[in-house]
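A.B. asks: Below is the structure I would like to discuss, written out as C-alpha cells.
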Amino acid sequence: MTKIVNHWIGGKSVDGTSGNFGPVTDPATGAVTTKVAFASVDEVDAAVQTAKDAFVTWGQASLAKRTEILFKFRALLDANRDAIAELITAEHGKVHSDALGEVARGLEIVDLACGISVQLKGELSTQVATRVDVSSIRQPLGVVAGITPFNFPAMVPMWMFPMAIACGNTFVLKPSEKDPSAAIKIAELLAEAGLPDGVFNVVHGDKVAVDRLLEHPDVKAVSFVGSTPIARYIHTTAAAHHKRVQALGGAKNHMLVLPDADLDAAADAAVSAAYGSAGERCMAISAVVAVGAIGDELVEKIRERAEKIKIGPGNDPTSEMGPLITAVHRDKVASYVEGAAAEGCEVVLDGTGYTVEGFEDGHWIGISLLDKVPTSAKAYTDEIFGPVLCVLRVDTYEEGVALINSSPFGNGTAIFTRDGGAARRFQLEIEAGMVGVNVPIPVPVGYHSFGGWKDSLFGDHHIYGNDGTHFYTRGKVVTTRWPDPSEAPAGVDLGFPRNH
C-alpha cells in the first residue's frame, strides 16, 4: 500500500482535502513509494490562521520557555538522527553518511536558537537628556513562512524555523513535494518536545500553495532557498505584497587553483566538493579554474580520484554517491555532458548512460569531468545541479579573478594556494558572499550567516546567524522620562508607612 504524507496543522496530522496528490519516488529504484497531499488555497489559509492564533500566546512566551522547548527538541533530534537520515535517503537518494551530515548541520542552527536569549538582548542608553533614557528592543513579526528545496529536506528547514520560533514567531513550512517525509518527522519531534499546537505547521503542495503564502496578508515574512529564477519570483511577488523576504538562489561556485597549491589536496577537495551528494547542492564546486601550467596534472589527479567513486543505492553502506532525485533531472544533467564536445569542451569522463545492476530503473548518472571548458558552453553558464565538474584554464591569477567575477552568480568560491598574500587579495577582490581559503565548500558555521551575492541572493538578509535574528524580528526604540521623586505632589510620603 502506498504511503500518504499529509499536512501538519495545529500540532497534528491533517488529511489533505484538495484531492490533488504528487508522487514521491525512491530514486534508487524509480518506484513511486509515497503520495503527498497538495494543499488548496483554503488549506493554506487554515494553516496560516492556526499559526496566527498560536502567535497570540507564543509571541508573549518567555525566552526561558521557548529555549526550554528547543533544548528538548535538540535532544530528540539528536536521538533520531538515523531515522531522519533514512527518510532522506529513501526519498532524496543521497547516501546515509551525507544524510547524517545534513542533520548535523541542521543541529548547529538548533544549537544557535537554544542560545537566542543572548542575541535578543536589547540596548540601553541612560541620561541622554535630563532623566531621559532610550532603549532598543527586538520583537517577533508574527506568522512567517519557509519554502524549501529538495536537496536538503531537513537541513534547510532547520536553517529557518528554529531561529524563527525562538524569536517568538509562528511558522508555516512548505517543503519540497519531492521528499516531504523529513519535514513531518521534524514536526512530530517538535510536538514531542512540547511546542504548543500551531507554532509549527507544514503544508505540502505546488505553485498553488507557494503563491498563497506569498500573497497571504497574515504572512509577514518569507524565507526561500532554491533556483535563481524561482528566488527572483519569490522576492518580487512577496515584496509586492509587503513582506520581508530572504530568497537564496542558485550558484556556479568556482575553485581557483594557483600554481603553488598542493595539487593532491586541491584534487581531493575538487572531487568531494563537486560530486558529494551527487552535486545536488548550491555550494557544490562546479567549476575549477586552473592557473598556469598545472592544468593537465590537476585534471589527471581529479580523474584518478573520480573514477574510484562507488555509485549505488544510498542505503548501501559501501556507496559513496547515490542517484539523482528524479528521472527528469537525471536526463537534464546528462544533456549538458552529451552536448559538451560540440561546444568545445574536452570530455575526460562521461557519466551518462551509467546504471547500477539490480537497480536499472533508478535515476542513475555517473561522474562527468569536462576540461578546457569555454565560458560560452552551457555546462559552464548554467547551474547543472549534478555530478558534472568543469575545468577552465587561465594564465594568471588576475585572469582567474576576472573570470569568476564575471559570473552572474556569487554564492561561494574558493582559492587553493600556499601564498597568504594571494589568499588575502582573493578574499577582498572576489565578488561572492562566502569565500574559502584551501576550503572547497565554505558554508559558515551557525553563528555566522549564510548567503551569496548577485543572482545568488534576493533580499537584504542572509540566513541564520545574526542576520537570521534580525530577519525574524523588528526593532523598536523606546524613549522614557520619569519624574524625580522630589517632584512628587505634596503630601505623598515616599518612606515606609508608619505603624499606628
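The values are calculated or read from the model by the stated rules, or taken from the named source; none is laboratory data. Computed from a prediction, not measured in an experiment: that's the story for all the values here. Please note: Cβ atoms are built from the backbone with ideal geometry, for glycine as well, and neighbour counts cover all protein chains shown. Note: areas computed on protein heavy atoms with side chains; ligands, DNA, RNA excluded. Shrake-Rupley method; radii C 1.70, N 1.55, O 1.52, S 1.80 Å.
A.B. asks: Taking Cα atoms, how many degrees apart are the long axis of helix 81-92 and the longest axis of the chain, rounded to 10 and kept between 0 and 90?
C.D. replies: Around 50 degrees separate the two axes.
A.B. asks: Mind counting lysine pairs for me in the stretch 118-268? Cα separation below 24 Å, and the two need to be 8 or more apart along the chain or on different chains.
C.D. replies: Lysine pairs meeting both conditions in the stretch 118-268 amount to 11.
A.B. asks: Between the alpha-carbon centers of the stretch 172-233 and the stretch 273-291, tell me the distance in whole angstrom.
C.D. replies: Comparing the Cα centres of the stretch 172-233 and the stretch 273-291, I get a distance of 28 Å.
A.B. asks: Another question, then. Once ligands and nucleic acids are excluded and a 1.4 Å probe is used, how much of SER97 is accessible, expressed in Å² to the nearest 10?
C.D. replies: 80
A.B. asks: Follow-up question, since we're still on this one. Taking a quarter of the surface of the Cα convex hull of the chain, what do you get in nm²? Provide the component values of the computation, followed by the final result.
C.D. replies: On the way: hull surface 120.6 nm².
Its Cα hull, projected and averaged over all orientations, spans 30.2 nm².
A.B. asks: Something else now. Using helices alone, what [θ] at 222 nm do you get for the chain, with -39,500 (n - 2.57) per DSSP H run of 4 or more residues, divided over all residues and rounded to the nearest 500?
C.D. replies: After summing the helix terms and dividing by the residues of the chain, the value is -11000 deg cm²/dmol.
A.B. asks: Quick query: amide H of ASN20 versus all other amide H atoms, modeled in the peptide plane; which residues come in under 5 Å with a sequence gap of 5 or more or a different chain?
C.D. replies: Result for ASN20 returns PHE38.
A.B. asks: Restricting to bridges with both residues inside the stretch 114-265, how much of the DSSP beta-bridge set is antiparallel, in percent to the nearest 5?
C.D. replies: Antiparallel: roughly 20 percent of the beta bridges in the stretch 114-265.
A.B. asks: Report the charge-dipole magnitude of the chain in Debye, nearest 20, computed about the Cα centre from +1 at each Lys and Arg Cβ and -1 at each Asp and Glu Cβ. Write out the running numbers ahead of the final one.
C.D. replies: Details: 43 positive and 61 negative charges, 362 e Å.
Roughly 1740 debye, rounded to the nearest 20.
A.B. asks: Relative to the first principal axis of the alpha-carbon coordinates of the chain, what is the inclination of helix 327-338, with its axis defined by its Cα atoms, in degrees from 0 to 90 and to the nearest 10?
C.D. replies: Long axis of 327-338 versus the principal axis of the chain: about 50 degrees.
A.B. asks: Nearest 10 degrees is fine. How inclined is helix 155-166 to the longest principal axis of the chain, computing both from alpha carbons?
C.D. replies: 10
A.B. asks: Using the Karplus curve 6.51 cos²θ - 1.76 cosθ + 1.60 with θ = phi - 60°, what ³J(HN,Hα) values do you get for each residue of the stretch 238-248, in whole Hz, with x for Gly and Pro?
C.D. replies: 5, 5, 5, 9, 6, 9, 6, 9, 10, 10, 8
A.B. asks: Also: List the residues whose amide H sits under 5 Å from the amide H of GLY436, counting only those 5 or more places along or on another chain, with H placed 1.01 Å from N in the peptide plane.
C.D. replies: Answer set, sorted by chain and number: THR413, ALA414, ILE415.
A.B. asks: Treating only the Cβ atoms of Lys and Arg (+1) and Asp and Glu (-1) as charged, compute the dipole magnitude of the stretch 212-301 about its Cα centre; round to the nearest 20 debye.
C.D. replies: Dipole size: approximately 920 debye.
A.B. asks: Oh, and also: Across the stretch 14-22, in residue order, what do the Karplus-derived ³J(HN,Hα) couplings come to in whole Hz, using 6.51 cos²θ - 1.76 cosθ + 1.60 with θ = phi - 60° and x for Gly and Pro?
C.D. replies: Result, rounded to whole Hz: 10, 4, x, 10, 6, x, 9, 9, x.
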